[in-house]
1. Once you order the gyration tensor axes a ≥ b ≥ c over the Cα atoms, which shape class does the range A:182-385 get: rounded for a/c under 1.5, otherwise prolate or oblate by comparing a/b with b/c?
2. For a quick check: with amide H placed at 1.01 Å from N, whose amide H comes under 5 Å from A:Leu183's, ignoring anything fewer than 5 positions away on the same chain?
3. If you project the alpha carbons of the protein assembly as shown onto their three principal axes, what span does each projection cover, largest first, in Å?
4. Report, in whole Å, the centroid distance computed from the Cα atoms of the range B:57-130 and the range A:127-155.
5. Run through the range B:58-153 and list the trypsin sites (Lys or Arg not before Pro) located in a DSSP loop whose Cβ has at most 13 other Cβ atoms within 10 Å.
6. Assuming R0 = 35 Å, what is the FRET efficiency of A:Asp158 and A:Glu75, from their Cβ-Cβ distance, to the nearest 0.05?
7. Pairs A:Lys9/A:Lys198; A:Lys247/A:Lys383; A:Lys102/A:Lys144; B:Lys60/B:Lys91: which exceed 29 Å Cα-Cα?
8. Fewest Cβ neighbours within 10 Å first, please rank A:Ile302, A:Ile45, B:Ile42 accordingly.
Amino acid sequence: MSRNEIAWKEQPKFPSTHFVDTRIYTDNQIFREEQEKIFNKCWIIGCHESELPNAFDYRTFHHPGGAQLFMIRGEDMKVRAFYNICPHRGNTLLYDPVGNAKRITCIFHAWSFSPKGDCTDIPRGKEGYQERYGCKDASLREVKSEVGYGGFVWVNVDDDSCTLKEYIGDALGMMEENLSMPLEVFTYHKAIVNTNYKLWHDTNSEFYHDYMHYFNRITGMMQPGYFDRKYKGYPNGHASVGSMAIKYDAYAGSQERAVGWPGLAPGGWVLIDLFPGMTFNLRTSVLRMDTAIPLGPDKLIIEFRGLGLKSDTPEQRAERVRDHNTIWGPFGRNLHEDLLGVHGQGLAMRERSDSKWVLHGREENSTIHDEVGMRHFYAEWGKRMGRQASDPFSDNKLA
Amino acid sequence: MTPKQLIDELIYRSSLAMDSKNFTGFLDLCDPAFRYAITAYIPEIRKEMTWLEHDKDGMKVLFDNLPRHNSDHSSLSRHVTVYTVEQDEAKQQAKTVSALQVFKTTLDGGETELFAVGKIYDTISMNGGSPKLLDRNVRLDTRMLGIGYHIPL
């Protein structure tokens, strides 16, 4: 029997931890609060060290909190991160996404900076500022950065944040061995989708949507071990999913993957979601790394990286590229389906569309179709936001 | 028709076949040794990338699998202009460079947007006077492809 308006808006008969109000995906005030209370407080992946192989290599990054950053490797080979803003007239310092700069010079008035963030030259500085202002006053704004957990460059714009190690805790322990050797990014692309960033992270946090993927149904869901995969939650909203042996040759045109990954059983697949929007997805021969960068409550950039081992032979690398792009490239079988899914959610949940609830109510002893991964995320989200995801505009705000 | 006209027509017919999702018709235009790729240079990581790569059998399997997948059903319109044709009579082959613009039109409302631009590098076998596609590299400038697409360009 279909529902009328009252029934449609009735709270689901679940505990409040098992559903969310869809306004958390559409409301601009909530989005701004998320930037402030979540993205500007958490460690976020800016790039990978292999994208900065040489001294003075840099890479720009649109931080999900809003700041434009760049990461640069100094002469001392240390990677540092700065606001990509000239302190003079607020211009962008580095326009290209990648490059090499011994000296960073603003195109506007030629103020120059070292890769350590020191101002090194203000043209006609004495004439204009006399003794009132000089290079010592004009350094770049540095943000905290650390390289770790597979060679990723992490940034945190909160000067008072905990350390990266404290933030990650044991969440990446399942991949410790897999991330212990030098890695290299071999592919990178972005997608802009009209949806909320949490919906993308939700997709990465639940496997029930394998019903959407023919490839996953036939190579995973119909194979032994699939329903034994278990979720595990960690402090700070992170979660992991255990492995199984994927039967790649069950899909016509696909074959068992010849190249594996150190520390991972043949056909293995482990996945770790890091709060608030990063996913380490190690699938047999390829590590995929997603970074969700919200542009608004209903607009999202996702950065996709594919990584192999730095020690790969050309033949091994070619296989990893093929394995990755068969399912995860822009023309791959699975990524398009996942993006179509969150695009559809974005359409259905537009403000005033009268969408009301999203359910996270499946309980299956934390196994693969249990929705505990999402519940774990929203518990952390609620703690940081001081709001319940199921009732975000209640007067009963969380302490 | 001159060999140049036959080559032009082959390339244009291949786009018409793909636009109309006539995959059998597309494969009929291909040599048994046909190879297909979508490639791009990725400046962010300073690397070449091959996003899709198949031989003729692989393309057939990809097409056959399409109904089993959930896909965006917006239609694509491929606008191709053959820029250059270089014939190698000794090899009985021709190499061509074509400009490519791909537009996507939504089913709901028929809104059209530019999906991708790039070039198509074809190698064409001329054996028997009936040209066939031997190798196609769709070289994309566009790398931001929205939610992506299941069907080759």
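Values quoted throughout were computed directly from the atomic coordinates according to the rules given, and no laboratory measurement underlies them. This is a predicted model, so every value here is computed, not measured. Ideal geometry is used to build each Cβ from the backbone, glycine not excepted, and the neighbour counts take in all protein chains shown.
1. prolate
2. Those qualifying (amide H under 5 Å, at least 5 residues apart or on another chain) are A:Lys310.
3. 77, 77, 49
4. After rounding, the separation between the Cα centres reads 48 Å.
5. Passing sites in the range B:58-153 are B:Lys91.
6. In this case the efficiency is close to 0.80.
7. A:Lys247/A:Lys383
8. Arranged by neighbour count, lowest to highest, A:Ile302, A:Ile45, B:Ile42 become B:Ile42, A:Ile45, A:Ile302.
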